[in-house]
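Data block below; observations after.
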Amino acid sequence: MSEVNVPPSATVGDALHSILEAVDSPLAALERVAGDTTVRLAALQSALGEQRGRIADLERQLGLAEARLLVETMHAAGLAAQAAHLLGLGPDVSVATEPSGEHYSDGAPKTRLALVYEAAFDAKGHELGVAEPEQFRDG
């Protein structure tokens, strides 16, 4: 601990004040540690806030990627069903392009092959837990 020089005419209060202000006094050391800790805590809280924001952004991106994956998986099931259906028709493949009697919302007729796609798309969607897969189909 450093020496504290108190003039002879100083009061006890002056002496106590001089001791507390001494650079190497335990109180001064504790105040420095408290100040440093406050600065470090503020920096850590700021970093935590930034990380929370980054986590929220990554969770949003993950949700979008998962939704796209579900739609692509349902689409692949629809295409695979169409391919299998066409192969099964063999030389009678032209039957697949005939109107099915159903229509799209714009009034255009749906082909039999479109119904095969839709059935497989929807079935895969239900299998994956999508409540209304038809909302994700084009047309």
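The values are calculated or read from the model by the stated rules, or taken from the named source; none is laboratory data. Quantities reported herein were computed from a predicted structural model and do not represent experimental measurements. Glycine gets a Cβ as well: all are built from the backbone with ideal geometry, and neighbour counts include every protein chain shown. Please note that ligands, DNA and RNA were not included when accessible areas were found on the heavy atoms of the full protein model with its side chains. Shrake-Rupley method; radii C 1.70, N 1.55, O 1.52, S 1.80 Å.
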Original post:
Within the set of pairs 6+ apart or on separate chains, which have a first residue in region 111-124 that is on the phi < 0 side of the Ramachandran plot, a second that is of a type in the set (A, V, I, L, M, F, W, C) and open to solvent by less than 20 Å² (accessible area, probe 1.4 Å), and C-beta atoms under 7 Å apart?
Top reply: Thr111/Ala96; Arg112/Ala96; Leu113/Ala96; Phe121/Met74; Lys124/Met74
**OP:** Report, by residue number, each residue of region 6-43 that is of a type in the set (S, T, N, Q) and either modelled with pLDDT of 85 or more or in a helix (DSSP H, G or I) (or both).
**Re:** Ser18, Thr37, Thr38
Original post:
Restricted to region 86-116, and to residues that are assigned to a helix (DSSP H, G or I) and touching a His at 6+ places or on another chain (Cβ under 9 Å), which residue is nearest to Glu66 (Cα to Cα)?
Top reply: Val116
Subject >> Residue within region 82-95 that is in contact with a strand residue (DSSP E or B) (Cβ under 9 Å, 6 or more places away or on another chain) and loosely packed, with under 11 Cβ neighbours inside 10 Å present >> reply: no
Subject >> Of all residues making up region 90-126, the number that are under 21 Å from Thr73 (Cα atoms) and hydroxyl-bearing (Ser, Thr, Tyr) >> reply: 1
